[in-house]
Amino acid sequence: MRRIVSDCPAGRLRGPSAARTLSLAVWALALALAAVLGARVLAGVGTQAEFFTFPYQLDESEGMIVAETMLLSQGTNIFDPVTPDLFFAAPYPPLFYILALPFQATLGDEPSFKIGRAITLFATLIAGLAIFGIVTQLTRSRLGGAVGALGFWSLSLVTFWGTLVKPDMLGVALGLVGLLWVVARPERQAWLALPLFLLAFFTKQTGIAAAAAATGYLLLTSPRRGVAFGALYAAGAVIPSLLLDWATRGGYFYHMFTVHDLPWFADRFAQFLGNFTASYGVLLVPGALAAAAYGVAWLVRKVRREPSDPLDDKTIVVTGYAMAALLVASGAGTHGGNHNHLLDLAAACCMGLGAGLGFVLERASTPWKAAALAPLGLVLLWSPALFGTPEWLQLEFNQLKPERVAGL
């Protein structure tokens, strides 16, 4: 990437003093952006505390998951086949239920939303820390990592779905921790991330984006290892699923897949993606472009047969994760789908934002720093908008209004 950077036509700034001034300006803007994002995160923590203590369900799945966890604690198999006399939705794999089970068992017949919400809040914290770790490993920039993590935590989308009794954020977090292992450790140790990727899958069956990114990276850099890694991942997902389906007399597959076999609408997906982009585009589109740029830079190095260190090769995971996250996000277009399907995409774009900023701060030449100055300033000027709630999330956040609570 160094050779590509040196050829940037963004202009020529000469002289050590000019270069120093430009670097200081970029650092000042990045620090200011981190400060605004940090303030938004603190404000979001207050909202999450309100969500956490809210005495009623915030999403229809919350009550369902709590009830099913209670039934499990009483010895009922919620994955059994549906009969005319007995129906359980149980649309998610077992891991989230298992984590909540021992705490719910201590409460007996008393339902609690706080158990599942606490698990999700912890997962949200871990997801952001994993983004920080991935960006820091790839760019050696802690400030870039901080912007990536704070950007993720600052989104109202994350404030809401990062508090609920839902498995989505736990699946995202497990995948990101697995991806952090892949980028932080030597390639020969990538195998040890497999359990994390499989736990993500058994948390939510669409939790495959991070595993796909890791597999793609290995296929590109070490094809034999990539094929073996992908085969082991597939076996680790399929064989236990088959055993669970056998143990539940066909019920597991019904709950995991048949109940999700719903029509998909392109216009519905476009609406969700359009709302997401309109609300967060100034922050996240630069992240998506940075993720794409890392992929292009990797490809150019390979075509030119330029030497690169293993760390440069690993930057392709940012691109791969963004591509896989977009595929997972398409689930929002399914009948009944919601914007929780966009969480991986939000994480990928924030990772790209942090990685792009980290590159500019630590490795970019003076012309590239100059080219980044205006976009970074634009993001900073726009960032206070994050303190508002997008129209498409108003219904969820309005549940906290006193008049709404009084009517429940």
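Can you pull out every residue in region 204-230 that is over 21 Å from residue 190 (Cα atoms) and open to solvent by 50 Å² or more (accessible area, probe 1.4 Å)? Before you say what the answer is, go through the steps one by one.
To start, the set of residues in region 204-230 that are over 21 Å from residue 190 (Cα atoms) comprises 204-206.
Scanning region 204-230 gives a single hit, 206.
Which one of 124, 106, 120 is among the hydroxyl-bearing types (Ser, Thr, Tyr), in contact with a Leu (Cβ under 7 Å, 6 or more places away or on another chain) and outside any loop (DSSP other than H, G, I, E, B)?
Numbers: 124 fails: in contact with a Leu (Cβ under 7 Å, 6 or more places away or on another chain); 106 fails: in contact with a Leu (Cβ under 7 Å, 6 or more places away or on another chain).
So the residue among 124, 106, 120 that is among the hydroxyl-bearing types (Ser, Thr, Tyr), in contact with a Leu (Cβ under 7 Å, 6 or more places away or on another chain) and outside any loop (DSSP other than H, G, I, E, B) is 120.
Among the residues of region 370-377, is any farther than 21 Å from residue 294 by Cβ, surrounded by 13 or more Cβ atoms within 10 Å (Cβ to Cβ) and either of a type in the set (A, V, I, L, M) or in contact (Cβ under 8 Å) with a residue 60 or more places away in the chain (or both)? Reasoning before the result, please.
Filtering region 370-377 down to residues farther than 21 Å from residue 294 by Cβ leaves 377.
Among the residues that remain, those that are also surrounded by 13 or more Cβ atoms within 10 Å (Cβ to Cβ) are: 377.
Subset that is either of a type in the set (A, V, I, L, M) or in contact (Cβ under 8 Å) with a residue 60 or more places away in the chain (or both): 377.
Within region 370-377 (the criterion being farther than 21 Å from residue 294 by Cβ, surrounded by 13 or more Cβ atoms within 10 Å (Cβ to Cβ) and either of a type in the set (A, V, I, L, M) or in contact (Cβ under 8 Å) with a residue 60 or more places away in the chain (or both)), the answer is yes, since at least one residue qualifies.
Run down 131, 98 and say which single residue is among the β-branched types (Val, Ile, Thr) and under 25 Å from residue 258 (Cα atoms).
Working: 131 fails: under 25 Å from residue 258 (Cα atoms).
So the residue among 131, 98 that is among the β-branched types (Val, Ile, Thr) and under 25 Å from residue 258 (Cα atoms) is 98.
Which ones in region 386-404 are surrounded by fewer than 15 Cβ atoms within 10 Å (Cβ to Cβ) and either part of a loop (DSSP other than H, G, I, E, B) or touching a residue at least 24 places away in the same chain (Cβ under 8 Å) (or both)? It would help to see each step written out before you state the result.
Going through region 386-404, the residues surrounded by fewer than 15 Cβ atoms within 10 Å (Cβ to Cβ) turn out to be 387-388, 391, 394-395, 398, 400-404.
Listed by number, the residues that qualify are 387, 388, 391, 400, 401.
Among the helices (runs of 4 or more DSSP H) lying completely within region 192-310, list those that include at least 2 residues that are modelled with pLDDT of 95 or more and of a type in the set (Asp, Glu). Full working, then the answer.
Values: elements: 194-201, 209-221, 223-247, 251-256, 266-304.
Qualifying helices (runs of 4 or more DSSP H): none found.
Among residues belonging to region 104-125 that are among the polar types (S, T, N, Q) and within 15 Å of residue 71 (Cα to Cα), point out the one that is surrounded by the fewest Cβ atoms within 10 Å (Cβ to Cβ). Give the steps one after another, and end with the answer.
Quick first cut of region 104-125, residues among the polar types (S, T, N, Q) only: 104, 106, 112, 120, 124.
Filter again for within 15 Å of residue 71 (Cα to Cα), leaving 104, 106, 112.
On the way: 104: 21, 106: 10, 112: 17.
Within region 104-125, the match that is surrounded by the fewest Cβ atoms within 10 Å (Cβ to Cβ) is 106.
Please indicate, with yes or no, whether at least one residue in region 63-80 is surrounded by 12 or more Cβ atoms within 10 Å (Cβ to Cβ), under 30 Å from residue 350 (Cα atoms), modelled with pLDDT of 90 or more and not polar (S, T, N, Q). Give the steps one after another, and end with the answer.
From region 63-80, those surrounded by 12 or more Cβ atoms within 10 Å (Cβ to Cβ) are 63-73, 76-80; that's our starting set.
Imposing the further condition that a residue be under 30 Å from residue 350 (Cα atoms) reduces the set to 65.
Now restrict to residues that are modelled with pLDDT of 90 or more: 65.
Checking the rest, the ones that are also not polar (S, T, N, Q) come to 65.
The answer is yes; a qualifying residue exists.
Is there any pair linking a residue in region 17-41 that is under 23 Å from residue 155 (Cα atoms) to one that is of a type in the set (Lys, Arg) and open to solvent by less than 70 Å² (accessible area, probe 1.4 Å), with Cβ under 8 Å and at least six apart or on different chains, and which?
Sorted first by the residue in region 17-41, then by its partner, the list stays empty.
So that you can scan it fast, the table gives a plain yes or no per residue for (1) more than 21 Å from residue 244 (Cβ to Cβ); (2) assigned to a loop (DSSP other than H, G, I, E, B):
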site: 45; (1), (2): yes, no
site: 56; (1), (2): yes, yes
site: 67; (1), (2): no, no
site: 88; (1), (2): no, yes
site: 96; (1), (2): no, no
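Take region 231-254 and flag every residue that is open to solvent by less than 40 Å² (accessible area, probe 1.4 Å) and touching an Asp or Glu at 6+ places or on another chain (Cβ under 9 Å).
Matches in region 231-254: 248, 251, 252.
Please verify whether region 128-141 includes one or more residues that are under 11 Å from the mean Cα position of the chain (by Cα), touching a residue at least 40 places away in the same chain (Cβ under 8 Å), within 18 Å of residue 319 (Cβ to Cβ) and open to solvent by less than 10 Å² (accessible area, probe 1.4 Å).
Going residue by residue through region 128-141, those that are under 11 Å from the mean Cα position of the chain (by Cα) are 128, 130-131.
Add one more test, that the residue is touching a residue at least 40 places away in the same chain (Cβ under 8 Å), and what stays is 130-131.
Those left that are additionally within 18 Å of residue 319 (Cβ to Cβ): 130-131.
Add one more test, that the residue is open to solvent by less than 10 Å² (accessible area, probe 1.4 Å), and what stays is 130-131.
Scanning region 128-141, I find at least one residue that is under 11 Å from the mean Cα position of the chain (by Cα), touching a residue at least 40 places away in the same chain (Cβ under 8 Å), within 18 Å of residue 319 (Cβ to Cβ) and open to solvent by less than 10 Å² (accessible area, probe 1.4 Å), so the answer is yes.
The values are calculated or read from the model by the stated rules, or taken from the named source; none is laboratory data. Note that the coordinates shown come from a computational prediction; the quantities given were computed from them, not determined experimentally. Note: ideal-geometry Cβ built from the backbone for every residue, glycine included; neighbour counts use all protein chains shown. Side chains are part of the model used for accessible areas, which takes the heavy atoms of the whole protein and leaves out ligands, DNA and RNA. Shrake-Rupley method; radii C 1.70, N 1.55, O 1.52, S 1.80 Å.
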